[in-house]
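Every number here is computed from the coordinates shown, using simple stated rules; none is lab data. Quick caveat, the model's predicted, so the values are computed rather than measured. Neighbour counts run over all protein chains shown; Cβ positions are idealised from the backbone, glycine included.
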Amino acid sequence: CVWRMFSKPMKGYTLKRGVKLAFDAGSEPKIEVCTSSADVIGICIDVDEYAGLAFVKPIGNSHEDYLVCKKNSGIVAGDKLKFGQGGELDKETGQGVIMAVALDTPKQVPGVDVYVVKAKIYGYKAKA
């Protein structure tokens, strides 16, 4: 089963991060960064800053891409990853929810203090 990509208004900057739906009273749901693997609904693959929209690929789809990861996380190729604070990928050290596998070591984005890692997202199909 392939789930369709969708777009919604965004709250904050969500590009290349795990995201969730945020519900504010009196307005339509917005996309914001997730706080853990438990609340992630998808990966923000693109943003339209002019229109304030985030384009999301649902977590149920397999996906391979460079995604934002924690700085100094010690991730190496083959590590099991989870989504943590700020929608960033982090190394899974316990028996938590595994969402991805690292395909490379993290790299710094030139000119900014942001790190990305190439990862294969398995969504809820991954096993610990």
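Structure notes:
- Of the residues Glu32, Glu88, Glu64, the one that moves most in a GNM of the chain with alpha-carbon contacts below 10 Å is Glu64.
- At full extension, Gln95 and Asp46 could sit 14.6 nm farther apart than now, given 0.36 nm per residue minus the alpha carbon distance.
- Look at the dipole of the stretch 24-99 built from charges on Cβ: of Ser62, Ser73, Ala51, the Cα furthest out on the positive end belongs to Ser73.
- Reachable aspartates and glutamates from Lys82, criterion Cα separation under 16 angstrom, eight or more residues apart if same chain: Asp39, Glu64, Asp65, Asp90, Glu92, Asp104
- Estimated translational diffusion coefficient (Stokes-Einstein, Kirkwood radius over Cα pairs, 20 °C, 1.002 mPa s) of the stretch 52-128: 169 µm² per second.
- Gyration tensor (alpha-carbon) shape descriptor, the stretch 1-47, a/c threshold 1.5: rounded
- Each label point was placed 7 Å from the Cα along the Cα-to-Cβ direction; for Glu64 and Leu103 their separation is 0.4 nm.
- Cross-link pairs Lys91/Lys118; Lys16/Lys107; Lys30/Lys107 - those with Cα-Cα distance over 20 Å: Lys30/Lys107
- Largest GNM mean-square fluctuation across Ser37, Ser27, Ser62, computed for the chain with C-alpha springs under 10 Å, falls on Ser27.
- The chymotrypsin sites (Phe, Trp or Tyr not before Pro) found in the stretch 25-88 that occupy coil by DSSP, while having at most 11 further C-beta atoms within 10 Å, are Tyr50.
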